[in-house]
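Report on one structure; see the data block that follows.
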Amino acid sequence: MQVGDVLRKKAARVATVRMNETVAIAAQLMRASNISALVVKDVVRTEGNTAAGMFTERDVVRAIAEHGSAGANLKVSQLISVQQLVACCSSDTLEQVRHLMNRHHIRHLPVIDNHSLIGVISMRDVSAAFDKEATAAKQAIPA
């Protein structure tokens, strides 16, 4: 099974936040959409609208734990890692995605095809797909 197979069953809208927004705004966006991660977007003159990273519930907790209530006023850009964005594409297999997530200790991956953000896949999505596949295989075996 590929990432694109999972994305076709999910809502098309990808929740994003700009790098210059505050932790409080990002937390409100996650709460309003009932999600635990946002794609951080940045406007780069040469590349247009670009995925720069992921902002998660863990980042909110870290901001508050390290800065107290002042953490809510920090910019998202102050908390995301500026190193290479870990992402996948829709043709990647779920095995490849699971390996990437485990190797980088992350639970959400932006899905980028032809330099365009097309979705986000989570560890929960991967796990549910494997469970569904296992159940289907189990039902296919004659008793």
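Couple of notes before you dig in:
- Residue match in segment 72-88 (condition: closer than 21 Å to MET123 by Cα and either in contact with a Lys or Arg (Cβ under 6 Å, 6 or more places away or on another chain) or in contact (Cβ under 8 Å) with a residue 60 or more places away in the chain (or both)): yes
One line per residue, one yes/no per condition, for (1) aromatic (Phe, Trp, Tyr); (2) at pLDDT 90 or above; (3) surrounded by fewer than 20 Cβ atoms within 10 Å (Cβ to Cβ); (4) touching a helix residue (DSSP H, G or I) at 6+ places or on another chain (Cβ under 9 Å):
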site	(1), (2), (3), (4)
ASP5	no, yes, yes, yes
ALA26	no, yes, no, yes
ALA37	no, yes, no, yes
ASN49	no, no, yes, no
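- Check on SER77, of a type in the set (Gly, Ala, Ser), in a loop (DSSP other than H, G, I, E, B) and either out of contact with any Asp or Glu (no Cβ under 7 Å at 6 or more places or on another chain) or under 16 Å from GLY4 (Cβ atoms) (or both): no
- Members of segment 7-24 found to be closer than 22 Å to VAL76 by Cβ, among the basic types (Lys, Arg) and either more than 14 Å from the chain's Cα centre (by Cα) or surrounded by 13 or more Cβ atoms within 10 Å (Cβ to Cβ) (or both), listed by number: ARG18
- Among residues of segment 112-129, those that are touching a residue at least 40 places away in the same chain (Cβ under 8 Å) and over 16 Å from SER36 (Cα atoms), counted: 5
- Scanning segment 101-115 for residues that are buried (at least 19 other Cβ atoms within 10 Å of the Cβ) and under 16 Å from ASP5 (Cα atoms) yields a total of 3.
- Only listed residue being at pLDDT below 95, part of a helix (DSSP H, G or I) and either more than 19 Å from VAL6 (Cβ to Cβ) or among the hydrophobic types (A, V, I, L, M, F, W, C) (or both), chosen from ASP42, ASP131, ASP125, ASP59: ASP59
- Residue match in segment 101-110 (condition: at pLDDT 90 or above, of a type in the set (Lys, Arg) and not in a helix (DSSP H, G or I)): yes
- Residue satisfying all of: in segment 13-39; part of a loop (DSSP other than H, G, I, E, B) and free of Cβ contacts under 8 Å to residues at least 24 places away in the same chain; farthest from PHE55 (Cα to Cα) among these: ARG13
- Restricting segment 121-143 to residues that are over 25 Å from VAL86 (Cα atoms) and of a type outside the set (Gly, Ala, Ser) leaves a set whose member that is surrounded by the fewest Cβ atoms within 10 Å (Cβ to Cβ) is PRO142.
The values are calculated or read from the model by the stated rules, or taken from the named source; none is laboratory data. Just so you know, these numbers come straight off a predicted model, no measurement behind them. Every residue, glycine among them, receives a Cβ derived from its backbone with ideal geometry; neighbour counts consider all protein chains shown.
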